[in-house]
Amino acid sequence: MMMRKNCSTQMARMGAELIRMYQYALVLAGLTALAQPAEAALFPADTITDYYEVENIALPKGLTAEVGGLDVLPDGRLVACFHRGEVMIYQPKTKTWKLFAEGLHDPLGILAISPREMLVMQRPELTRLRDTDGDGVADEYQTVTDDFGLSGNYHEFAFGPVRDKKGNLFIALNLASNGAGIFPEVRGQLDTLGRPGRMYATVPYRGWVLQLSPEGKLIPYASGFRSPNSLGFDAAGNLLVADNQGDWLGTSKLYHVQKGKFYGHPSSLVWKDGFPDINPLTLPVARLDSLRTVESVAFPHSRIANSPTQPILDATGGKFGPFAGKMLVGEMDSPYLIRLMLEMVDGQMQGACAPFLTGTGLQRGNNRLAFAPDGSLYVGQTDHGWVGNRGIQRIRWKGKVPLELADMKLTATGFDLTFTRPLDPAQARELSQYAFQRYYYEYHQAYGSKQFDKQAVPVQEARLSADGRTVSLRLAELKPGYIYELELGRLRSTTGQQLQNRLACYTLNRLKTDKSTAARASNP
């Protein structure tokens, strides 16, 4: 009987203890539930779609919507040209399209002069389209210039035009590809010294950027390009051209293009005045390397861009978000755009690039860009010979500022990172939030390049500015001729916003010193 009584007493005590544990668990669950709304308010799971929205533009039935060029008229109407030869005008108020011109050959750029006049860069020429009777349809097709060669090779694309403040127009010409030959009859002089190689230039000015003066003279401006898919100007009027990875380009690049300079692909040198009558591919790589002007920005392959396209200035004055005055670049292979953060160091442009608008619903194939008067951005897509999609999308900023890396500038000892919002101070000072590695791509004839001399670079100090927006990083090493890739941690703002993009890559060509002198890039 005593054993039964003791057993009953123990069971009663155990039951009471279980009840108390259950009640305690309920209290904890209640406290957790009460805490969750406050934590969610402090650390919201915000995404880029809270800040930007994407609209798909409906296109006419039967149209092959491979976009070759975009521009916007002052009244807000969109002008688009398509690979199959149409030029059309879109009225966003009524969401309707009207055919302006047709029958063009692979047009890959358009500049709207007025509602009744357009310049279109098609494969054989730069063409002026005019609506002379005001019926909304071009009835005059005029050759502006065709003073460059055509061999019939499929890869001889032509890009542009863009116009500078003095009225000069600039166009860019692709090299031909050894994936196909040339026709028995060509336009312009034929020079077989330009034929060897994976990409070649048997007719004039393939692989060149050309300048067309207001008087109509076509001038060879700069050489050394492979596939310069479009051009653009920054806020200071500097001409920028993006080129695509391939032979002599270890990765895709952005160039600051200046008159008379050579940018690396040797085939175009055949058409340089005074160049000896030799195959330029026979020159030693070291000699070619000494002649070239290096890129301002390298786009690491498969990390940032595989096929960059049009550079465009955000001149909206803040209507497109917190990046006014900065450059954007299209990207064919990825569902995002690229933001540039450029600076001048010892007279040479260099800087960083970062993915932008990842996760907004933007498609791949982002070939052409044009800002509308309201600050929205039209993006034209193509899959014509590339990875991509077809169509046109319109991106609008919703008015709220996301947490993003706004700028990345070189210092004598590291980098200053400026963000769009003040950072959480404790997080911002943690060295573990900043992971750097550096590497370079080799300049050589082979297609593409692996990353050479890839090494981690420790961060030794992180100082936060008084306004909480700029973090000054001191690195263990800075070495010219390398790309410094930064992977940011899960930083948050003081209001709990999360960092939208965590990757940035800075092309370090020249160093800054405390005396503001510079050391020049030189790969091993």
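The values are calculated or read from the model by the stated rules, or taken from the named source; none is laboratory data. In this text, all values refer to a predicted model and were calculated from it rather than measured experimentally. Every residue, glycine among them, receives a Cβ derived from its backbone with ideal geometry; neighbour counts consider all protein chains shown.
Computed values, structure above
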| item | result |
| --- | --- |
| R396 surrounded by 16 or more Cβ atoms within 10 Å (Cβ to Cβ), touching a strand residue (DSSP E or B) at 6+ places or on another chain (Cβ under 6 Å) and of a type outside the set (G, A, S) | yes |
| Some residue of region 376-388 being assigned by TED's automatic domain parsing to the domain that holds A80, buried (at least 18 other Cβ atoms within 10 Å of the Cβ) and within 28 Å of R492 (Cα to Cα) | yes |
| Search result, residues across region 319-345 that are part of a loop (DSSP other than H, G, I, E, B) and either charged (D, E, K, R) or touching a strand residue (DSSP E or B) at 6+ places or on another chain (Cβ under 9 Å) (or both) | K319, F320, G321, P322, F323, G325, K326, M332, D333, S334, P335, Y336 |
| Qualifying residue in region 174-195 (condition: aromatic (F, W, Y), in contact with a strand residue (DSSP E or B) (Cβ under 7 Å, 6 or more places away or on another chain) and on the phi < 0 side of the Ramachandran plot) | no |
| Scan of region 450-491 for residues that are within 23 Å of the chain's Cα centre (by Cα) and either at pLDDT below 95 or among the β-branched types (V, I, T) (or both), ordered by number | I483 |
| Region 304-320: number of residues that are surrounded by fewer than 24 Cβ atoms within 10 Å (Cβ to Cβ) and either of a type in the set (S, T, N, Q) or closer than 21 Å to R502 by Cα (or both) | 3 |
| Odd one out for A176 among (1) in contact with an Asp or Glu (Cβ under 6 Å, 6 or more places away or on another chain); (2) modelled with pLDDT under 95 | (2) |
| From L491, L475, L508, L503, residue being under 15 Å from R438 (Cα atoms) and surrounded by 21 or more Cβ atoms within 10 Å (Cβ to Cβ) | L508 |
| Residues of region 402-413 satisfying the condition of being part of a loop (DSSP other than H, G, I, E, B) and either closer than 21 Å to F320 by Cα or charged (D, E, K, R) (or both) | P402, E404 |
| Region 371-389 - residue that is of a type outside the set (S, T, Y) and not in a loop (DSSP other than H, G, I, E, B) and, of those, nearest to the chain's Cα centre (by Cα) | V379 |
| Hits in region 294-331 - residues which are β-branched (V, I, T) and within 17 Å of E442 (Cβ to Cβ) | V294 |
| Which listed residue is at pLDDT 95 or above and either surrounded by 18 or more Cβ atoms within 10 Å (Cβ to Cβ) or at negative phi (or both), from G134, G149, G103 | G149 |
| Strands (runs of 3 or more DSSP E) wholly inside region 209-303 that include at least 1 residues being without any contact (Cβ under 8 Å) to a residue 12 or more places away in the chain | 218-223 |
| Check on A242, of a type in the set (A, V, I, L, M) and buried (at least 23 other Cβ atoms within 10 Å of the Cβ) | yes |
